[in-house]
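The values are calculated or read from the model by the stated rules, or taken from the named source; none is laboratory data. Keep in mind the model is a prediction, meaning the values are calculated, not measured. Every residue, glycine as well, gets a Cβ built from its backbone with ideal geometry; the counts of neighbours run over all protein chains shown.
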């Protein structure tokens, strides 16, 4: 089977592609050139082809002409363009990830005179995203979503939850895992308020939470397992759009794969990576989905 992944979020397409190739498929990921702050596409470079953003949609059309399955991550504009331009009837999977459906509300940490403009941008962005997502749901042959809480944002009757896959060849347990009781978390672009998270943790007895700011100091994907193993417990409490997200993040899952403890959104401890998040299992499920729509 010839599989084309268009775009990627947090390495999901890369992890799937690696295992799809192991299963005998021909796989390619198409990404925009010049943007790889975490080194994910450098790490999985054998699967990735690049295009300038100005040429991206036309490149999608060109690459799709040789594909049996086009697996679109997040880029509803690419799905629309393919439906408009490609004569061949490609089977298209639309895969939604967290912020595709939730969005990220911009903060109002600016001059008072500019706040109405920010509110208007948030509202306009929300309406446009919601409309495009609905159209993409209707046009795709199959719709996937990455975390259970996203189901409420989808209108289609039969979307499929594909749990976030973790590359367990890269994120592995070692004898020195959990060497201390240090609690830590990451500040990322997807978090609305790291201060709220720190204060919440203190109020629940988690003192001296270490915060690593990935917005200022990006941690390379290659180095991520070694960094995680320096700590004992990852705190996976994410405050986004004025609420705590009720799912495990990619980093939490990677931490579990490395043998760390994870404090989840309900302040419960998790210890093992669930089998449904092992990349080999996720790739098998996706293969079944592809075969159903072929």
Handout entry: Counted residues, the range 20-53 - those being part of a helix (DSSP H, G or I) and either closer than 22 Å to residue 171 by Cβ or touching a helix residue (DSSP H, G or I) at 6+ places or on another chain (Cβ under 8 Å) (or both)
Key = 10
Handout entry: Residue count for the range 97-135, restricted to those that are over 18 Å from the mean Cα position of the chain (by Cα) and at pLDDT 80 or above
Key = 7
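Matching residues to (1) outside the structural domain of residue 139 (by TED's automatic domain parsing); (2) in contact with a strand residue (DSSP E or B) (Cβ under 6 Å, 6 or more places away or on another chain); (3) over 30 Å from residue 169 (Cβ atoms); (4) at pLDDT 95 or above:
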| site | (1), (2), (3), (4) |
| --- | --- |
| 57 | no, no, yes, yes |
| 60 | no, yes, no, yes |
| 67 | no, yes, no, yes |
| 84 | no, no, yes, no |
Practice task
Go through the range 266-288 residue by residue and tally those that are buried (at least 18 other Cβ atoms within 10 Å of the Cβ) and in a loop (DSSP other than H, G, I, E, B).
Solution key: 1
Fill in the blank from the handout: Taking the range 240-260 and keeping residues surrounded by 19 or more Cβ atoms within 10 Å (Cβ to Cβ) and over 12 Å from residue 147 (Cβ atoms) leaves 251, 254, 255, 256, 257, 258, 259, 260
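Per-residue answers, yes or no, for (1) part of a helix (DSSP H, G or I); (2) touching a residue at least 60 places away in the same chain (Cβ under 8 Å); (3) in the same structural domain as residue 159 (by TED's automatic domain parsing); (4) touching a strand residue (DSSP E or B) at 6+ places or on another chain (Cβ under 9 Å):
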{"site": "18", "(1), (2), (3), (4)": "yes, yes, yes, yes"}
{"site": "63", "(1), (2), (3), (4)": "yes, no, yes, yes"}
{"site": "93", "(1), (2), (3), (4)": "no, yes, yes, yes"}
{"site": "101", "(1), (2), (3), (4)": "yes, no, yes, yes"}
